[in-house]
Amino acid sequence: MTAACSPRISRAIPSGDIYFEFGYLPDLAKLHANLQRFGGLDRYIEKIPEIKPKTHDPFFSVLGMLCYGAAFAPNPEAHRGFDLPIDLETGALRQDVWERWLAWDPVRLIDRPEYQRAWRGLRHLYLHVGLWNELNFQIGTRVMAGKLAELGIPADVEYFDDGHMDVSYRYDISLPRLEAALRA
């Protein structure tokens, strides 16, 4: 979410990427080994059109980490235009790049006044996540809900008895709530 939210906007955040330490570090810890399975970073990127993923891991795990790298740590000087928070030779965490990723974590952004103003300006905020989210986003949702409550920012928070995948049924719940908020 950006700091420039319109006060007429309602937001639903389905299984949001929140609290990167629990959401991303587990996949980052496996990134080096998963890249090696595909023959390294460049070979993985070459193989993307051929891969027929069946589960989150390892294909989507690697793809997600590369997308996050491009979003959170762009670097035009880097080989692929972004930095990853692991050393591609050893797999060790690169703290300087990891800190750049953490700067985009919503549980950190909410601490900034300009983001608090934006969140306060929302007409309706609906956070939902599965209790058994494979990416641990349920923990981040709890942390974020607590911060929102401490700041007096109203949020509709719901936890479902499911995981991260195949949860499109939740739109039957979230979309009517957002529509009602917009009509209010």
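The values are calculated or read from the model by the stated rules, or taken from the named source; none is laboratory data. Everything quoted here is computed from the prediction, not taken from an experiment. FYI the Cβ positions are ideal-geometry reconstructions off the backbone, even for glycines, and counts take in every protein chain you see. For accessibility, only protein heavy atoms count, side chains too; no ligands or nucleic acids. Shrake-Rupley method; radii C 1.70, N 1.55, O 1.52, S 1.80 Å.
Let's see how each residue does on (1) among the hydrophobic types (A, V, I, L, M, F, W, C); (2) over 30 Å from residue 183 (Cα atoms); (3) modelled with pLDDT under 90; (4) more than 15 Å from the chain's Cα centre (by Cα):
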| site | (1), (2), (3), (4) |
| --- | --- |
| 2 | no, no, yes, no |
| 76 | no, yes, no, yes |
| 87 | no, yes, no, yes |
| 100 | no, yes, no, no |
If I ask for residues that are open to solvent by 60 Å² or more (accessible area, probe 1.4 Å) and outside any helix (DSSP H, G or I), which ones from segment 34-51 would you list?
none
Complete set of residues in segment 93-123 that are open to solvent by 30 Å² or more (accessible area, probe 1.4 Å) and outside any helix (DSSP H, G or I)
93, 94, 103, 104, 111, 112, 123
Residue 178: buried (at least 18 other Cβ atoms within 10 Å of the Cβ) and outside any loop (DSSP other than H, G, I, E, B), yes or no?
yes
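Looking for whichever is surrounded by fewer than 19 Cβ atoms within 10 Å (Cβ to Cβ) and more than 25 Å from residue 27 (Cα to Cα) here; the options are 142, 170. Which one fits?
Values: 142 fails: more than 25 Å from residue 27 (Cα to Cα).
When all the criteria are applied, what remains is 170.
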Does segment 125-139 contain at least one residue that is crowded, with 16+ Cβ neighbours inside 10 Å and free of Cβ contacts under 8 Å to residues at least 24 places away in the same chain?
yes
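Might you let me know whether segment 75-90 holds any residue that is assigned to a helix (DSSP H, G or I), open to solvent by 10 Å² or more (accessible area, probe 1.4 Å), touching a Phe, Trp or Tyr at 6+ places or on another chain (Cβ under 8 Å) and polar (S, T, N, Q)?
Step one: list which residues in segment 75-90 are assigned to a helix (DSSP H, G or I), which gives none.
No: zero hits.
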